[in-house]
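Peer 1: Got a structure for you, written out below as C-alpha coordinates; questions coming shortly.
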Amino acid sequence: MPSTSALLTEPLPCPQETKDMAPKRAKRRAAAEGGSSNVFSMFDQTQIQEFKEAFTVIDQNRDGIIDKEDLRDTFAAMGRLNVKNEELDAMMKEASGPINFTVFLTMFGEKLKGADPEDVITGAFKVLDPDGKGTIKKQFLEELLTTQCDRFSQEEIKNMWAAFPPDVGGNVDYKNICYVITHGDAKDQE
(Lines give C-alpha, C1' and ligand atoms only; values in the text may rest on other atoms or scores of the structure.)
Protein backbone atom coordinates (compact mmCIF):
# COMPACT_ATOMS: atom_id res chain seq x y z
CA MET A 1 0.00 0.00 0.00
CA PRO A 2 1.75 3.24 -1.06
CA SER A 3 2.08 6.15 1.30
CA THR A 4 1.27 9.74 0.46
CA SER A 5 4.97 10.26 -0.22
CA ALA A 6 4.79 7.54 -2.88
CA LEU A 7 2.90 9.99 -5.07
CA LEU A 8 6.05 12.05 -5.47
CA THR A 9 8.11 9.13 -6.70
CA GLU A 10 5.93 8.87 -9.81
CA PRO A 11 6.57 11.23 -12.73
CA LEU A 12 4.47 14.35 -12.31
CA PRO A 13 2.60 16.02 -15.15
CA CYS A 14 4.19 19.21 -16.41
CA PRO A 15 5.18 21.03 -13.17
CA GLN A 16 5.64 24.40 -14.88
CA GLU A 17 2.04 24.32 -16.12
CA THR A 18 0.61 23.45 -12.71
CA LYS A 19 2.78 26.00 -10.92
CA ASP A 20 1.32 28.77 -13.04
CA MET A 21 -2.20 27.53 -12.31
CA ALA A 22 -1.87 27.75 -8.50
CA PRO A 23 -4.46 30.14 -7.04
CA LYS A 24 -3.26 33.24 -5.23
CA ARG A 25 -5.43 32.29 -2.23
CA ALA A 26 -3.49 29.03 -1.67
CA LYS A 27 -0.17 30.86 -2.01
CA ARG A 28 -1.22 33.47 0.54
CA ARG A 29 -2.43 30.76 2.91
CA ALA A 30 0.86 28.85 2.64
CA ALA A 31 2.83 32.05 3.23
CA ALA A 32 0.70 32.95 6.24
CA GLU A 33 1.16 29.50 7.73
CA GLY A 34 4.93 29.74 7.23
CA GLY A 35 5.43 32.13 10.14
CA SER A 36 3.67 29.91 12.66
CA SER A 37 5.31 26.57 11.95
CA ASN A 38 8.77 25.28 12.77
CA VAL A 39 8.59 22.89 9.81
CA PHE A 40 9.54 25.69 7.42
CA SER A 41 12.92 26.02 9.13
CA MET A 42 13.72 22.39 8.21
CA PHE A 43 14.01 23.20 4.50
CA ASP A 44 15.67 25.84 2.38
CA GLN A 45 13.62 28.07 0.07
CA THR A 46 14.33 25.94 -3.01
CA GLN A 47 13.07 22.81 -1.28
CA ILE A 48 9.97 24.60 -0.02
CA GLN A 49 9.23 25.79 -3.57
CA GLU A 50 9.59 22.23 -4.87
CA PHE A 51 7.18 21.00 -2.20
CA LYS A 52 4.75 23.79 -3.13
CA GLU A 53 4.86 22.66 -6.74
CA ALA A 54 4.27 19.04 -5.75
CA PHE A 55 1.42 20.09 -3.43
CA THR A 56 -0.18 22.06 -6.26
CA VAL A 57 0.06 19.06 -8.59
CA ILE A 58 -1.63 16.79 -6.04
CA ASP A 59 -4.26 19.39 -5.00
CA GLN A 60 -6.19 18.72 -8.20
CA ASN A 61 -9.25 20.85 -7.32
CA ARG A 62 -7.03 23.77 -6.16
CA ASP A 63 -8.86 24.33 -2.87
CA GLY A 64 -5.68 24.38 -0.75
CA ILE A 65 -6.45 21.00 0.88
CA ILE A 66 -5.44 17.56 -0.38
CA ASP A 67 -8.36 15.17 0.04
CA LYS A 68 -9.16 11.64 -1.06
CA GLU A 69 -10.50 12.76 -4.44
CA ASP A 70 -7.33 14.78 -5.08
CA LEU A 71 -5.29 11.63 -4.47
CA ARG A 72 -7.56 9.60 -6.76
CA ASP A 73 -7.29 12.25 -9.50
CA THR A 74 -3.51 12.46 -9.11
CA PHE A 75 -3.16 8.70 -9.48
CA ALA A 76 -5.41 8.85 -12.56
CA ALA A 77 -3.26 11.63 -14.05
CA MET A 78 -0.26 9.35 -13.64
CA GLY A 79 -2.10 6.52 -15.39
CA ARG A 80 -3.08 4.51 -12.37
CA LEU A 81 -6.83 4.04 -12.48
CA ASN A 82 -9.11 2.13 -10.10
CA VAL A 83 -7.20 2.89 -6.90
CA LYS A 84 -9.00 1.18 -4.01
CA ASN A 85 -10.76 3.33 -1.42
CA GLU A 86 -8.96 1.45 1.36
CA GLU A 87 -5.62 2.46 -0.12
CA LEU A 88 -6.66 6.11 -0.34
CA ASP A 89 -8.10 6.01 3.19
CA ALA A 90 -4.83 4.60 4.53
CA MET A 91 -2.92 7.39 2.83
CA MET A 92 -5.26 10.04 4.28
CA LYS A 93 -4.88 8.56 7.77
CA GLU A 94 -1.16 9.35 7.69
CA ALA A 95 -2.09 12.99 8.34
CA SER A 96 -3.35 14.27 11.66
CA GLY A 97 -6.16 16.20 9.95
CA PRO A 98 -6.89 18.04 6.71
CA ILE A 99 -3.79 18.16 4.53
CA ASN A 100 -3.01 21.82 3.85
CA PHE A 101 0.45 22.85 2.72
CA THR A 102 1.85 23.07 6.26
CA VAL A 103 0.61 19.56 7.12
CA PHE A 104 1.96 18.29 3.78
CA LEU A 105 5.38 19.81 4.48
CA THR A 106 5.35 18.45 8.04
CA MET A 107 4.60 14.94 6.80
CA PHE A 108 7.54 15.04 4.43
CA GLY A 109 9.74 16.70 7.02
CA GLU A 110 9.09 13.84 9.41
CA LYS A 111 9.88 11.28 6.74
CA LEU A 112 12.93 13.08 5.38
CA LYS A 113 14.69 14.34 8.48
CA GLY A 114 15.98 10.87 9.20
CA ALA A 115 15.78 11.10 12.96
CA ASP A 116 14.87 7.98 14.85
CA PRO A 117 11.94 8.12 17.27
CA GLU A 118 12.70 9.75 20.61
CA ASP A 119 12.67 6.46 22.54
CA VAL A 120 15.29 4.95 20.19
CA ILE A 121 17.65 7.91 20.60
CA THR A 122 17.08 7.98 24.36
CA GLY A 123 17.81 4.24 24.48
CA ALA A 124 21.15 4.81 22.75
CA PHE A 125 22.10 7.44 25.33
CA LYS A 126 20.96 5.17 28.20
CA VAL A 127 23.72 2.73 27.23
CA LEU A 128 26.14 5.49 28.27
CA ASP A 129 24.20 6.12 31.51
CA PRO A 130 24.32 2.85 33.49
CA ASP A 131 23.02 4.58 36.66
CA GLY A 132 19.94 5.88 34.81
CA LYS A 133 20.38 9.50 35.95
CA GLY A 134 19.34 10.99 32.60
CA THR A 135 22.67 12.76 32.28
CA ILE A 136 26.14 12.08 30.89
CA LYS A 137 29.35 13.82 31.86
CA LYS A 138 30.28 16.55 29.37
CA GLN A 139 33.90 15.42 29.15
CA PHE A 140 32.90 11.80 28.39
CA LEU A 141 30.34 12.78 25.74
CA GLU A 142 32.76 15.23 24.11
CA GLU A 143 35.48 12.58 23.98
CA LEU A 144 33.10 10.11 22.32
CA LEU A 145 31.86 12.66 19.79
CA THR A 146 35.34 13.77 18.77
CA THR A 147 37.06 10.38 18.62
CA GLN A 148 34.46 7.85 17.40
CA CYS A 149 32.66 7.24 14.06
CA ASP A 150 31.47 10.50 12.46
CA ARG A 151 33.70 12.75 14.53
CA PHE A 152 32.46 16.18 15.57
CA SER A 153 34.65 19.15 14.72
CA GLN A 154 35.54 21.67 17.42
CA GLU A 155 32.99 24.04 15.86
CA GLU A 156 30.25 21.39 16.14
CA ILE A 157 31.19 20.72 19.78
CA LYS A 158 31.08 24.46 20.49
CA ASN A 159 27.62 24.69 18.88
CA MET A 160 26.38 21.68 20.83
CA TRP A 161 27.44 23.15 24.18
CA ALA A 162 25.85 26.46 23.21
CA ALA A 163 22.57 24.65 22.49
CA PHE A 164 22.79 22.17 25.38
CA PRO A 165 24.96 23.67 28.11
CA PRO A 166 26.02 21.27 30.85
CA ASP A 167 25.01 21.99 34.44
CA VAL A 168 27.49 23.27 37.04
CA GLY A 169 28.55 19.68 37.78
CA GLY A 170 29.50 19.11 34.13
CA ASN A 171 26.47 16.91 33.40
CA VAL A 172 24.60 16.98 30.08
CA ASP A 173 20.85 16.30 30.08
CA TYR A 174 20.61 13.82 27.21
CA LYS A 175 16.83 13.50 27.52
CA ASN A 176 16.58 17.18 26.54
CA ILE A 177 18.90 16.59 23.58
CA CYS A 178 16.71 13.67 22.45
CA TYR A 179 13.56 15.75 22.77
CA VAL A 180 14.98 18.63 20.73
CA ILE A 181 16.28 16.26 18.03
CA THR A 182 12.82 14.73 17.57
CA HIS A 183 10.50 17.67 18.33
CA GLY A 184 12.53 20.81 17.72
CA ASP A 185 13.47 23.48 20.22
CA ALA A 186 10.60 25.23 22.01
CA LYS A 187 12.36 28.56 21.33
CA ASP A 188 12.11 27.88 17.57
CA GLN A 189 8.33 27.48 17.82
CA GLU A 190 7.66 30.87 19.44
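Peer 1: Checking I136 against (1) free of Cβ contacts under 8 Å to residues at least 24 places away in the same chain; (2) open to solvent by less than 70 Å² (accessible area, probe 1.4 Å); (3) over 30 Å from I65 (Cβ atoms), which single condition isn't satisfied?
Peer 2: (1)
Peer 1: Filter the stretch 151-190 down to the residues that are at pLDDT below 80 and over 19 Å from D129 (Cβ atoms) and list them by number.
Peer 2: Answer for the stretch 151-190, where residues must be at pLDDT below 80 and over 19 Å from D129 (Cβ atoms): H183, G184, D185, A186, K187, D188, Q189, E190.
Peer 1: Considering only the stretch 77-117, state which residues are at pLDDT 80 or above, within 26 Å of the chain's Cα centre (by Cα), open to solvent by 40 Å² or more (accessible area, probe 1.4 Å) and of a type outside the set (S, T, Y).
Peer 2: M78, E86, D89, M92, K93, E94, P98 - these are the residues of the stretch 77-117 that are at pLDDT 80 or above, within 26 Å of the chain's Cα centre (by Cα), open to solvent by 40 Å² or more (accessible area, probe 1.4 Å) and of a type outside the set (S, T, Y).
Peer 1: For I136, indicate whether it is of a type in the set (A, V, I, L, M) and assigned to a helix (DSSP H, G or I).
Peer 2: no
Peer 1: Considering only the stretch 165-189, state which residues are over 22 Å from the mean Cα position of the chain (by Cα) and open to solvent by less than 70 Å² (accessible area, probe 1.4 Å).
Peer 2: Correct list: P166, G169, G170, N171, V172.
The values are calculated or read from the model by the stated rules, or taken from the named source; none is laboratory data. If you're wondering where the values come from, they're calculated on a predicted model, not measured in any experiment. All Cβ positions, glycine included, derive from the backbone under ideal geometry; neighbour counts span all protein chains shown. The protein model used for the area step is the full one, side chains on, heavy atoms only, and it has no ligands, DNA or RNA in it. Shrake-Rupley method; radii C 1.70, N 1.55, O 1.52, S 1.80 Å.
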